[in-house]
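Below you'll find the structure, written out as structure tokens, and then a few comments.
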Amino acid sequence: MNVSLFITCLCDTFTPDVGKDTVQLLERFGCEVDFPAGQTCCGQPAYNSGYTTQSKQAVKQMITAFEASEYVVGPSGSCVQMIKEYPNILKDEPEWQKRAEHLAGRTYELTQFIVDVLQVEDVHSTFQGTAAYHPSCHMTRLLGVKDAPRRLLENVEGLTLVDLPQGEDCCGFGGTFAVKNAAISAQMVEEKSCHVTATTAEYLIGGDMGCLMNIGGRLSRNEEDVKVLHIAQVLNSQ
């Protein structure tokens, strides 16, 4: 099975090890992984800010970059959901819309791909500690990936999962929302951070780096000793 890695901007820039963990996980289950060099930003920041026309350049670049891919897998529910939005963005350009539909139908968030496509629920990983899982908004509410991350984490040897109070609440990041509505965003992430520390968990695990960076930053400023990890880092732990 051939898989192309969609690395996403935040992982590529801030947490490249998440990309490495993603590749190693896929290779563990027999996938041949490649990295299309033509990929760039998925266009989500511009699109979510209302600049639909301006986002099309990035959208078309991504479609072209992954045109020949059998499967496309990314360690971000938010960015994968953006690709699912491509056909709607290009609805007035029939040829591009067709190409967008082809890409959207072959693109998966990492845990979604492992559970639904590879049909794997136990990746045979070991990770010692107590953790809470943060279900990010785009992954759960828009992409619809709710059960796959928890099913995989529940089978990690040595990992104890605890419930996160009001876990479905937004952390306040929301991409450009955190910039345009900084005061509101700050209150939202403060509330989320309080819920995290209330669990007394050693780790917070999630599937979107934007959320994790936002929550992790607040926890650090509050001098809370909670480590923030992407789910790929935990699933690839031995």
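The values are calculated or read from the model by the stated rules, or taken from the named source; none is laboratory data. This structure is a prediction, so every number in the text was calculated from the model and none was measured. All Cβ positions, even for glycine, are placed from backbone atoms using ideal geometry, and neighbour counts span all protein chains on display. Please note that ligands, DNA and RNA were not included when accessible areas were found on the heavy atoms of the full protein model with its side chains. Shrake-Rupley method; radii C 1.70, N 1.55, O 1.52, S 1.80 Å.
Multiply the residue separation of ASN181 and GLN61 by 0.36 nm, subtract the distance between their alpha-carbon atoms, and state the gained length in nm to one decimal.
Here the answer is 40.2 nm.
Past 30 Å, Cα to Cα: identify those pairs from LYS91/LYS180; LYS98/LYS180; LYS56/LYS180; LYS20/LYS84, in the order given.
Flagged as over cut-off: LYS98/LYS180.
Of SER49, SER136, which has the most accessible area and how do the rest follow, probe 1.4 Å?
Largest to smallest exposure gives the sequence SER49, SER136.
With a ≥ b ≥ c the root eigenvalues of the C-alpha gyration tensor of region 151-238, is it rounded (a/c under 1.5), prolate (a/b larger than b/c) or oblate?
prolate
What's the FRET efficiency of THR40 with GLU70 using the Cβ-Cβ distance as r and R₀ = 22 Å, to the nearest 0.05?
So the FRET efficiency works out to roughly 0.60.
Can you bin region 102-148 into rounded, prolate or oblate? Criterion: square roots of the alpha carbon gyration tensor eigenvalues sorted a ≥ b ≥ c, rounded for a/c under 1.5, prolate for a/b above b/c, oblate for the rest.
oblate
In degrees, nearest 10, range 0 to 90: what is the angle between the Cα axis of helix 52-65 and the longest Cα principal axis of the chain?
Between helix and principal axis, roughly 80 degrees.
Apply 1/(1 + (r/R0)^6) to the Cβ-Cβ distance of GLN238 and ARG141, taking R0 = 41 Å, and write down the FRET efficiency to the nearest 0.05.
Calculated transfer efficiency: 0.80.
Using a 1.4 Å probe, what is the accessible area per residue for region 114-238, in Å²?
Accessible surface, normalised per residue, equals 47 Å².
Where is the GNM fluctuation largest for the chain (alpha-carbon springs, 10 angstrom cutoff): TYR203, TYR51, TYR108?
Highest fluctuation of the listed residues: TYR51.
Quick one: with all protein chains in place, what share of the accessible area of the chain is carbon or sulfur, to the nearest percent (1.4 Å probe)?
Here carbon and sulfur together make up 48 percent of the probe-accessible area.
Excluding CYS79 itself, calculate the net charge of residues whose Cβ lies under 13 Å from the Cβ of CYS79, where each Lys or Arg counts +1 and each Asp or Glu counts -1.
On the way: positive: LYS84; negative: ASP12, GLU85, GLU109, ASP208.
Here the count lands on -3.
Which aspartates and glutamates have a Cα lying under 18 Å from the Cα of LYS192, excluding residues fewer than 8 positions away in the same chain?
Partners within reach: ASP163, GLU168, ASP169, GLU202, ASP208, GLU223, GLU224, ASP225.
List the relative contact order of region 149-238 as a percent without decimals, with contacts defined as Cα pairs under 8 Å and 6+ residues apart.
Details: 95 pairs, mean separation 25.1, N = 90.
That works out to 28 percent.
Return one whole number: the accessible area per residue of region 1-111 in Å², for a 1.4 Å probe. Don't skip to the end; give the middle numbers.
Numbers: 5060 Å² over 111 residues.
Per residue, region 1-111 has 46 Å² of solvent-accessible surface.
For region 215-223, take each phi angle, set θ = phi - 60°, evaluate the Karplus expression 6.51 cos²θ - 1.76 cosθ + 1.60, and give the result in whole Hz per residue in order, putting x for glycine and proline.
The phi angles translate into 5, x, x, 5, 4, 5, 5, 7, 6 Hz.
Angle check, please: helix 94-104 long axis (alpha carbons) against the longest principal axis of the chain (alpha carbons), in degrees 0 to 90, nearest 10.
Computed tilt is about 30 degrees.
Which of rounded, prolate, oblate describes the chain, given a ≥ b ≥ c as roots of the alpha-carbon gyration tensor eigenvalues and a/c under 1.5 marking rounded, otherwise prolate only if a/b is larger than b/c?
Verdict is oblate for the chain.
Cα centroids of region 183-208 and region 62-125: how far apart, whole angstrom?
That distance is 28 Å.
Where does the chain land at 222 nm, in deg cm²/dmol rounded to the nearest 500, when only DSSP H runs of n ≥ 4 count, each adding -39500 (n - 2.57), divided by all residues?
Dividing the helical sum by the residues of the chain leaves -13000 deg cm²/dmol.
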